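Have a look at the structure below, then the notes.
The values are calculated or read from the model by the stated rules, or taken from the named source; none is laboratory data. If you're wondering where the values come from, they're calculated on a predicted model, not measured in any experiment. Don't worry about glycine lacking a Cβ; one is built from the backbone with ideal geometry, like all the others, and counts go over all protein chains shown.
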Amino acid sequence: MAKQLLFIPGPVTCAPAVLEAMARPMIDHRGPEFAGLLERIATGMKPIFGTTSDVVVAGSSGTGGLEAAVANLFSPGQKVLSCPVGVFGKRLATIASLYGLDVEFIETPLGSGTDPAKLAARLAADTKHEIAGIMLTHNETSTGVQNDMAALAAAIGDHPASVVVDSVSGLGASEFLMDAWGFDVVVTASQKALAVPPGMAMIAVSARAWERMGHGKEPKFYFDLRKAREFALLGQTPWTPPVSIAFALDVAIERYHAEGAASVYARHARYSAAIHAFADASCVHVFSQPGAHSVTVTSMHVPAGLEAAKIRTALRDEHDIVLGGGQAELKGKIVRMGTMGDLTHDDMLRGFDAFESVLRAQGHAIDAGRGTAAARATLEGAILAGSR
């Protein structure tokens, strides 16, 4: 029987070697074996973040890592500038509001990325440096948008605000240069591009941010990053870690570096380009705007006369193919197809075949095989180009 394929923005399909690592016997989380494991994870994550600074881990989803960033960096009443481009950017702003921060927004139309010119103008107007924090999203899975982080870093320039980046669904799938771009806290999680089951957040913290955390007055206990750093020096975590997830993450990081970052980037870009080719040939229009397309998830309009729920149900029940649906105001209006996880060239084609079959069965007027052929040509063309 064919395996179920998860084309959702996470959790994603995991490689057998990653899943097998979770079956290892438990070890002492205060002993030397775990200390070595924790050190390998932190060291292996640094080049993925593009940093030489400390990386700490937390037993949580990515949302826990984002809450940790807010709770550790700021104090109640401080102003932060939020730049959401979808549901998850708004979630980070909600966390900041719950911690008593004064949240100001730069609004962006859904499907577009944050405008660097708008960000630069707002920061230039902040002559008294009242803005203490800037909250950015690297990749927004609810809309299929990826921001140009280099352009946003340039827009921030030498403004002294602490910069928090949600890279939960972006890190590892395309180049990220935390140190070069001057970001202070960057958060990612195990269940996205690294293709590990959910359970661990990885948080990279700049030297400037560590210093500023000493002045933060927000309450924190489980997500105290300075405590996590102190325990990391001992080869431990403050609280009981998800040891099995750590085993899996260790294997996934090793596999990531064995494949090579450039190859990982190319794979995600290739799969993303194939989805776009399929969408164009199938008259299923991509929702995200040019210049802001994510390489980890592509959002597509539901064709007129069709229902997103019925498309997704048929794919799941008849083909063992799982696509994501729209969230919040986009619910029922888009479907989302992810590229992360242990997916092969053939898996992608199987997904396209099934998607096309369901669209045709539900009344979408497209020629049989046209969308899949376009995707195949894109995949094969990209592979040939990469081999030259």
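Observations, loosely collected:
- Test result for Asp317, of a type in the set (Asp, Glu), touching a Leu at 6+ places or on another chain (Cβ under 8 Å) and either buried (at least 17 other Cβ atoms within 10 Å of the Cβ) or at pLDDT 95 or above (or both): no
- Test: residue in segment 168-181 that is touching a Phe, Trp or Tyr at 6+ places or on another chain (Cβ under 8 Å), under 23 Å from Pro290 (Cα atoms) and not in a loop (DSSP other than H, G, I, E, B): yes
- Boolean, Thr339 is exposed (fewer than 15 other Cβ atoms within 10 Å of the Cβ), within 26 Å of Ser263 (Cα to Cα) and not assigned by TED's automatic domain parsing to the domain that holds Gly144: no
- Some residue of segment 121-143 being in the same structural domain as Met178 (by TED's automatic domain parsing), farther than 25 Å from Ala58 by Cβ and within 19 Å of the chain's Cα centre (by Cα): yes
- A single entry from Ala42, Ala117 fulfils the requirement of being assigned by TED's automatic domain parsing to the domain that holds Ala228, part of a helix (DSSP H, G or I), under 30 Å from Gly133 (Cβ atoms) and touching a strand residue (DSSP E or B) at 6+ places or on another chain (Cβ under 9 Å): Ala42.
- Given (1) without any contact (Cβ under 8 Å) to a residue 60 or more places away in the chain; (2) of a type in the set (Ser, Thr, Tyr); (3) over 19 Å from Gly64 (Cβ atoms), index of the condition Ser112 fails: (1)
- Filter result for Thr52 (closer than 21 Å to Val205 by Cβ, of a type in the set (Val, Ile, Thr), in the same structural domain as Ala252 (by TED's automatic domain parsing) and assigned to a loop (DSSP other than H, G, I, E, B)): yes
- Segment 201-219, subset under 26 Å from the mean Cα position of the chain (by Cα) and part of a helix (DSSP H, G or I), residue surrounded by the fewest Cβ atoms within 10 Å (Cβ to Cβ): Ala207
- Single condition Val12 does not satisfy, out of (1) touching a Ser or Thr at 6+ places or on another chain (Cβ under 7 Å); (2) among the aliphatic types (A, V, I, L, M); (3) within 30 Å of Gly351 (Cα to Cα): (1)
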